[in-house]
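K.L.:
Quick one: this structure, given as structure tokens, is what I'll be asking you about.
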2 protein chains.
Amino acid sequence: MLNDTHNPGLRSWVETANSPGADFPIQNLPLGVFRRKGSADAPRIGVGIGDQILDLHRASELGLLEALPRAVVEAAAMSTLNGLMALGQGSMSQLRRELVAILHANGRRAEPDSLVPIEHVELFLPADIGDYTDFYASIFHATRVGEIFRPKNPLPPNYKHLPIAYHGRSSSIVPSGTPIRRPSGQTRGEGDQPVFRPSERLDYEVEIGVFVGTGAGQPLTMAESEGHIFGLCLLNDWSARDIQAWESQPLGPFLSKNFATTVSPWVVTYEALVPFRSPAFARDGGDPQPLPYLRSTFNETAGGFDVNVNVSLRSEAMRMSGAESVALSAGSLRDMYWTPAQMLVHHASSGCSLRPGDLLATGTVSGADKGSEGCLLEMTQNGATPIRLPDGETRAFLADGDVVTMRAFCERAGYTRIGFGRCEGRVLAAVARRD
Amino acid sequence: MLNDTHNPGLRSWVETANSPGADFPIQNLPLGVFRRKGSADAPRIGVGIGDQILDLHRASELGLLEALPRAVVEAAAMSTLNGLMALGQGSMSQLRRELVAILHANGRRAEPDSLVPIEHVELFLPADIGDYTDFYASIFHATRVGEIFRPKNPLPPNYKHLPIAYHGRSSSIVPSGTPIRRPSGQTRGEGDQPVFRPSERLDYEVEIGVFVGTGAGQPLTMAESEGHIFGLCLLNDWSARDIQAWESQPLGPFLSKNFATTVSPWVVTYEALVPFRSPAFARDGGDPQPLPYLRSTFNETAGGFDVNVNVSLRSEAMRMSGAESVALSAGSLRDMYWTPAQMLVHHASSGCSLRPGDLLATGTVSGADKGSEGCLLEMTQNGATPIRLPDGETRAFLADGDVVTMRAFCERAGYTRIGFGRCEGRVLAAVARRD
């Protein structure tokens, strides 16, 4: 629900939060887990504001959170967001209100030492992620990928009936900035005789991650599911296409995805996103309606999130020559065929237990138009039409040394733009074999 | 390596451990996590011996573990096995030696209150399972299932080159005895128009679970991988075949598997299994050799585990009439096409991080012969030829009220038989829909 915390007139005494185009204005207040560089302290929860972090542990020591229930204050003093996630949206709303009271221009200024410049900290995974699930919710992505691998039946018959997903690997989720080692693996060689070698078709996929707030031990209704969304982040589902093509039948992707998944360290909370809700995907007349368990009026009118995502790349050669990164694509979460609420309802429909901190990813965010393809597989038609970089370089897939940077933001007339920060990783050469 | 702890002449002062056919003789010493029924204490690690549990926390208080390194004693006082898992096989071997010293017939008898009858406790999951991976390692299972769903190409072209696997759901792993709610989900209706309803094809799959001991952050060699096996348990990969058939393309099983996975609460340790190692699957002349990263001389001669598994079923009607459960199948882990060491090496080959307590399951343990099929899908040819139960009942798939019980044991001439205990679950009716 819209409230005073979304007021575009709000300004912060942290001046960098008031710059037009800042990712973290006072209307955003994303949560992350950080530690001062070089410190050995336990990680702490912080709130992004301009180019600073409000240290919630220190804020609590200074008595700035006194108006909040004890459970919220205790959860805010932990080293992951899981405690806050478990408390639910009501508590998060209380916290947001207090943070605005502290950080707005005439607010109860936090003491200086409760603020830390973001450039002075390392940021960790925001949560202890129990299980990670990856969806496949862009029909444009699914169709383009299907045309490459299954030209006769690009879109599987179930696609328009259920949000397709598979379980991913939580142990290899890393925060933005972690270098990504090129994986080795089996790929198809001559005549179905495989070879084991470093992947020659390393790709990224730009996705949005959805963190589960309060858990669920039984099926959810569409009305309930919105209440289980804690917040969103950016996610790069690094993919080794050659390994994927050989291993994925009949049980789905495995090693082609489980070597690394990068998330942005900041979680943009559910309430911060209220001004940026959008209708669910506009199905055309020929499309089937979802079954009743995946439908609600709210979802149809406002189940989507209007989050813009973009991807850029900077090669090693570009870095050496001082060239800036080049934009590769720009898309929107608005274009996904399924909403996060539908993903949650479908996920829990079997009785599958969802826990605070579990992560759902949307699948590659790709739109209908050229320039909105969220991975190289789509953009280069599986490598057939490489993209051009400055200085004569081309890319069918990623090269060692490439830095892939994803960004996301929401903007809408009458509201303050909010950003997600960066989700970034640099590709390292494969490890040498040791037999 | 075989040592004094495997001596078949060893007897325990816990007399029930000496009965022929006991699952937990002194040569076994499986580890579990328990609490006295009705207690609110933190769960404790215990060792199964006959029909008793040696309470390691209490044993430590009584000074019985004084000869062990401090790290082992501290890990043994935790509420999950993860600490012991992280310490590795050397520490586990030290612990095993001390346990034999305490429990053998002329040993340092534990004080009476360090022993608790198993029937007086509840048993929990043995570990905090970070990630769960399910393999597909029986070629007999894969072929029979393939003949049902892909008659033209029953065995995928990659099958003999890599141990196929997919990521499962760790949040829904439950210990033996937990009731299993029949899942609802989308299944194919008339003309590809799906319907949402309780699964009509609920099945079990008998598998062996492999717990990861020390973790790995980079690829492993075959020589290294054996050292990362902590121990084995029984596992039931409950499966909803109708949901599976509709959802699994293109990204694999999801809701058809993630509603519940049952594990036996006891972990039979790596060292207890030394006498029961067996050669890897004997590939026939036409089969390709695995690629070098999946090969070692040790693996060929002793990479397998000769673990017998069997499944029995007792329906509600049988329970009411007092009939005992009926045997459905009996197979052996010896018959798997891939060994646990090969599964670990393949899993880590991408650089995928493995953590202490991660669980790998082998996939359905099925052999070549009739009577060795490890699930109803195979046994009834997808429901076409139902099996007969006493009193005229038949089963194509599981009915509400059915109790599925899995057991496993190892036996070999010259060694003492060891057992895995039970992996059991009763099917409850589906939850009613709430829209």
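The values are calculated or read from the model by the stated rules, or taken from the named source; none is laboratory data. Note that the coordinates shown come from a computational prediction; the quantities given were computed from them, not determined experimentally. We place every Cβ from the backbone using ideal geometry, glycine too, and count neighbours over all the protein chains shown. Quick note on the areas: whole protein, heavy atoms, side chains included, nothing else; ligands and nucleic acids left out. Shrake-Rupley method; radii C 1.70, N 1.55, O 1.52, S 1.80 Å.
K.L.:
Let me check I've understood the local charge: for residue B:89, count other residues with C-beta under 12 angstrom from its C-beta, Lys and Arg +1, Asp and Glu -1. What total comes out?
P.N.:
Every neighbour counted, the sum reads -2.
K.L.:
A follow-up question, please. If the label for residue B:148 sits 7 angstrom from Cα along the Cα-to-Cβ line, what are its distances to the same label in every other copy, in nm to one decimal, shortest first?
P.N.:
Ordered by distance, the counterparts are at 3.3 nm.
K.L.:
Assuming a ≥ b ≥ c are the square roots of the Cα gyration tensor eigenvalues, decide whether region A:241-292 counts as rounded (a/c under 1.5), prolate (otherwise, with a/b larger than b/c) or oblate.
P.N.:
oblate
K.L.:
Quick one: compute the contact order of chain B, relative version, from alpha carbon pairs under 8 angstrom and 6+ residues apart, as a percent. Before the final figure, lay out the partial values.
P.N.:
Values: 1048 pairs, mean separation 90.8, N = 435.
In percent, rounded to a whole number, it is 21.
K.L.:
In addition: Within region B:270-310, report the trypsin sites (Lys or Arg not before Pro) that DSSP leaves as loop and that have at most 14 other Cβ atoms within 10 Å.
P.N.:
Passing sites in region B:270-310 are B:283.
K.L.:
Further, regarding this structure: DSSP loop (so not H, G, I, E, B), at most 14 other Cβ within 10 Å: list which chymotrypsin sites (Phe, Trp or Tyr not before Pro) in region B:299-385 pass both filters.
P.N.:
Sparse-neighbourhood loop chymotrypsin sites (Phe, Trp or Tyr not before Pro): none present.
K.L.:
How well do other chains shield peptide B:341-347, expressed as the mean number of their Cβ atoms within 10 Å of each residue Cβ?
P.N.:
On the way: counts 0, 0, 0, 0, 0, 5, 4.
Other-chain Cβ atoms within 10 Å of each residue's Cβ, averaged: 1.
K.L.:
What shape does region A:130-232 take by its C-alpha gyration tensor, where a ≥ b ≥ c are the square roots of the eigenvalues and a/c under 1.5 counts as rounded, a/b above b/c as prolate, and the rest as oblate?
P.N.:
It is oblate, given that a/c is not under 1.5 and a/b is not larger than b/c.
K.L.:
Oh, and also: Given Cα pairs under 8 Å that are at least 6 residues apart, what percent is the relative contact order of region B:42-92?
P.N.:
Relative contact order of region B:42-92: 34 percent.
K.L.:
With a point put 7 Å past each Cα toward its Cβ, work out how far residue B:324 is from residue B:289 in nm, to one decimal.
P.N.:
4.9 nm
K.L.:
Could you name the residue in chain A with the C-beta closest to the rotation axis that superposes chain A on chain B, along with the separation in whole Å?
P.N.:
Rotation axis A onto B, closest Cβ, rounded to whole Å: A:252, 1.
K.L.:
Here's another thing I want to ask about it. Kindly point out which whole DSSP H helices in chain B project their C-alpha atoms 18 angstrom or further along the helix axis while averaging a Kyte-Doolittle hydropathy of -1.0 or above. Write out the running numbers ahead of the final one.
P.N.:
Values: long enough: B:89-103 (20 Å, 0.15).
Correct list, ordered by number: B:89-103.
K.L.:
What aspartates and glutamates does residue B:152 reach when the alpha-carbon gap must be under 18 Å and sequence neighbours fewer than 8 apart in one chain are set aside?
P.N.:
Once the sequence-local aspartates and glutamates are set aside, what remains near residue B:152 is A:192, B:378.
K.L.:
Still on this structure, please answer the following. Provide an ascending nm list, one decimal, of label-point separations from residue B:74 to the equivalent residue in each further copy; define each label point as 7 Å from Cα along Cα→Cβ.
P.N.:
Relative to the other copies, residue B:74 has label-point distances of 2.6 nm.
K.L.:
With a 10 Å radius around each residue's Cβ, average the other Cβ atoms per peptide and rank B:212-219, A:215-222, highest first.
P.N.:
B:212-219, A:215-222
K.L.:
Below 8 Å between Cα atoms, with a sequence gap of 6+, how large is the relative contact order for region B:38-197 in percent?
P.N.:
Rounded, it is 18 percent for region B:38-197.
K.L.:
Right, something else. Give the average, rounded to an integer, of partner chain Cβ atoms located within 10 angstrom of each Cβ in A:163-175.
P.N.:
Working: counts 1, 7, 6, 9, 15, 2, 10, 8, 9, 7, 1, 1, 0.
Average neighbour count from other chains, rounded to a whole number: 6.
K.L.:
List, shortest first and in nm to one decimal, how far the label point of residue A:63 (7 Å from Cα along Cα→Cβ) is from its counterparts in the other copies.
P.N.:
Nearest to farthest, the other copies are at 5.2 nm.
K.L.:
Here's something else I'd like to know. Count, for each residue of A:183-196, the Cβ atoms from other chains sitting within 10 Å of its Cβ, then give me the mean as a whole number.
P.N.:
4
K.L.:
Need one word for region B:233-323: rounded, prolate or oblate. Basis is the Cα gyration tensor (sqrt eigenvalues a ≥ b ≥ c); a/c below 1.5 gives rounded, then a/b vs b/c decides. Don't jump to the answer; show the numbers that get you there.
P.N.:
Details: a/c = 2.39, a/b = 1.38, b/c = 1.73.
Since a/c reaches 1.5 but b/c is at least a/b, the shape of region B:233-323 is classed as oblate.
K.L.:
Going by average Cβ neighbours within 10 Å, how do the peptides B:151-161, A:376-386 rank, with the highest at the top?
P.N.:
Ranking the peptides B:151-161, A:376-386 by packing returns A:376-386, B:151-161.
K.L.:
In nm, to one decimal, how far is the modelled label at residue A:106 from the one at residue B:4, with both set 7 Å along Cα→Cβ?
P.N.:
Taking the simple label geometry, residue A:106 and residue B:4 are separated by 8.2 nm.
K.L.:
Express the carbon and sulfur contribution to the solvent-accessible surface of chain B as a percent, rounded to the nearest whole number, probe 1.4 angstrom. Kindly include the intermediate steps, with their values, before the conclusion.
P.N.:
On the way: 7980 of 15570 Å².
C and S fraction of accessible area: 51 percent.
K.L.:
Now for a different question. For residue B:221 paired with residue A:385, estimate the spin-label separation in nm (one decimal), with each label point 7 Å from Cα along the Cα-to-Cβ line.
P.N.:
4.7 nm
K.L.:
Mind jotting down the distance between the C-alpha centroids of region B:48-100 and region A:379-396, whole Å?
P.N.:
57 Å
K.L.:
Could I ask something else about it? Using a Förster distance of 25 angstrom, determine the FRET efficiency expected from the C-beta separation of residue A:119 and residue A:70, and round it to 0.05.
P.N.:
0.15
K.L.:
Counting other Cβ atoms within 10 Å, which GluC sites (Glu not before Pro) in region A:135-231 have at most 16 and lie in a DSSP loop?
P.N.:
Listed in order of number, the matching sites are A:200.
K.L.:
Between region A:244-290 and region B:125-162, what is the separation of their alpha carbon centroids in Å?
P.N.:
Computed from Cα coordinates, the inter-centre distance equals 26 Å.
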